[in-house]
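Throughout, read-outs are computed from the coordinates displayed, never taken from laboratory work. Small disclaimer: the values here were computed from a predicted structure and weren't measured. Cβ coordinates were reconstructed from backbone atoms using ideal geometry, including for glycine residues, and neighbour counts include every protein chain displayed.
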Amino acid sequence: MTRPTARRSAGTRRALVGACVGNAVEWYDFAIYGAFATVLAQVFFPPGEQAALAATFAIFATSFVARPIGAMLVGRRSDQRGRRPVLSRMIAVMTGATAAIALIPSWSVIGVLAPALLLLLRLTQGFSVGGEVASSVAFLSESAPAGSRGRFGGWHTASIAIGLSAGYAVAALLSAAFPDDVLMDWGWRLAFLSALPLGLVARYIRRRLDETPMFEAVAAPAKPRVIADVVRGRAGAIGRGFLLVTTLSVAFNLWFVFLPGYVAAEATIPLGAALGSGVIGLLTAAVTAPVMGRLSDRLGRRPVLITGTLAIAVFAVPGFALAGRAIAGLLLADVLLAGLLGTLVVTAFVAELFPTEVRATGVAVTYGLSTAIFGGTAPLVATLLAGAESAWAIPGYLTVVALLGLAAAVTARETAFDRFR
């Protein structure tokens with residue numbers, strides 16, 4: 001291997017690690033909120049179990065409203081100033097907001113100010129994640145060697161799964177280590193404080209990254225584009241990307257944010273065990289996503305996406321029933337669903353819809369709106385559907401979403417073999 005080739009290879013590996021480490025930390029921060037939803041409901045809201053839990057998930061959902069705002073504002077800046085500086089700043093914003101949640105006094109101490117502060121910090125988290133996704137997807141796709149965008153995109157999905165699983169693992173350990181009263185009093189706060197050292201490490205790694213060669217090859221910084229300019233001529237493709245991202249986001253949030261607390265309450269499975277099962281499932285997704293991404297580099301995005309969305313639509317109802325049958329059933333359901341999520345190679349597909357000068361902004365539109373409208377509201381919708389008489393209402397929702405994703409995949413144009421510019 002020649003020296004220039006070796007340097008390029010080392011730079012590519014550094015870019016992959018830097019983007020994925022930071023992304024994992026961002027999603028670790030996001031995961032611990034969902035993992036401790038039942039605890040936060042009792043700490044920050046007045047008594048009333050179902051209403052408090054619904055309010056907690058409502059705040060979870062409002063953070064997703066901030067995501068398209070962060071995605072579009074930060075995405076435009078990323079298209080103008082570069083991916084690297086944006087990625088470095090977003091990790092600082094996210095970890096600061098997460099650690100600050102640990103310092104909020106409870107409802108019994110400051111009353112209504114407690115959920116108000118929680119809402120403010122969750123909106124800050126949402127803004128940060130929106131900017132992170134737009135810039136990290138652009139950064140990874142532009143750093144990938146030719147013919148490897150699917151694999152690199154798979155690592156993006158894997159880093160989300162690793163971050164989520166780490167958050168759930170910490171939550172499970174704290175739940176097992178502390179009695180309920182100690183966990184409710186201060187034990188949960190340790191998980192949020194742990195964001196600080198993780199964020200410092202991720203920020204250090206990201207500050208040492210180089211800008212992507214594709215961005216540097218642009219003759220001049222991109223002029224600010226209004227959203228209409230970005231989507232003009234791409235509305236159909238963006239709509240399909242929107243539906244595919246929706247399938248991934250709803251499945252992730254329904255299965256790994258809502259389900260652990262739900263089965264702990266309805267199936268008398270200990271919360272720590274339910275979270276531990278989620279960790280194993282998410283690690284399965286972390287393994288399958290790069291493999292499926294690599295497969296999509298060879299076969300194309302469409303066949304992999306079609307297979308994945310169809311399988312999720314078929315699996316949702318029996319998988320949900322299986323999850324309610326003791327811990328063994330939950331573990332099997334988590335592993336199977338997570339493995340299917342690895343087939344949703346949306347990172348590469350969405351990145352390939354846009355040219356370099358507007359890529360981060362375009363990704364922001366697609367991801368931001370999808371997660372705000374459907375992904376972030378999935379736990380809240382599931383909580384409301386839990387009161388319905390039909391046992392199939394919750395998995396039926398996922399089935400409908402997956403079928404819409406299937407329709408998008410079937411009608412999508414193949415992008416894997418197009419010239420990437």
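Here are the numbers:
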item: Residue order, fewest to most beta carbons within 10 Å, for VAL263, VAL137; result: VAL263, VAL137
item: Student exercise, the chain dipole from Lys, Arg, Asp, Glu Cβ charges, in Debye to nearest 20; result: 2000 debye
item: Inter-site label distance for GLU216 and LEU385 at 7 Å from Cα along Cβ, in nm; result: 4.8 nm
item: Rounded D (µm²/s) - the range 1-154, Kirkwood Rh over Cα pairs, Stokes-Einstein at 20 °C, 1.002 mPa s; result: 126 µm²/s
item: Förster-model FRET efficiency, 35 Å R0, VAL314 and ALA235, C-beta, rounded to 0.05; result: 0.70
item: Full-extension gain in nm, ARG413 to LEU299, via 0.36 nm per residue minus C-alpha separation; result: 39.7 nm
item: Rg [Å, one decimal], Dmax [Å, integer] - the chain, C-alpha atoms; result: 20.4, 67
item: Local net charge near GLN125, Cβ-Cβ under 11 Å (Lys/Arg +1, Asp/Glu -1); result: -1
item: Signed unit charges on C-beta, dipole axis of the range 313-421, positive-most listed residue LEU404, ILE327, VAL317; result: LEU404
item: Relative contact order (%) - criterion: Cα under 8 Å, at least six apart; region: the chain; result: 27 percent
item: GNM result for the chain, Cα springs below 10 Å: residue of ALA326, ALA171, ALA19 fluctuating most strongly; result: ALA326
item: Positive-end residue, the chain charge dipole about Cα centroid, Cβ charges, pick of LEU344, ALA382, ALA364; result: ALA364
item: Student exercise, the range 146-206 dipole from Lys, Arg, Asp, Glu Cβ charges, in Debye to nearest 20; result: 600 debye
item: Length gained when the stretch ASP185-VAL201 is fully extended (0.36 nm per residue, less Cα-Cα span); result: 2.9 nm
item: Among ILE205, TRP255, VAL245 the positive-end extreme of the charge dipole of the chain (Cβ point charges); result: ILE205
item: Where trypsin sites (Lys or Arg not before Pro) fall in DSSP loop in the range 142-217, at most 16 other Cβ within 10 Å; result: ARG208
item: At R0 = 30 Å, FRET efficiency that the Cβ-Cβ distance of ALA265 and LEU103 yields, to 0.05; result: 0.60
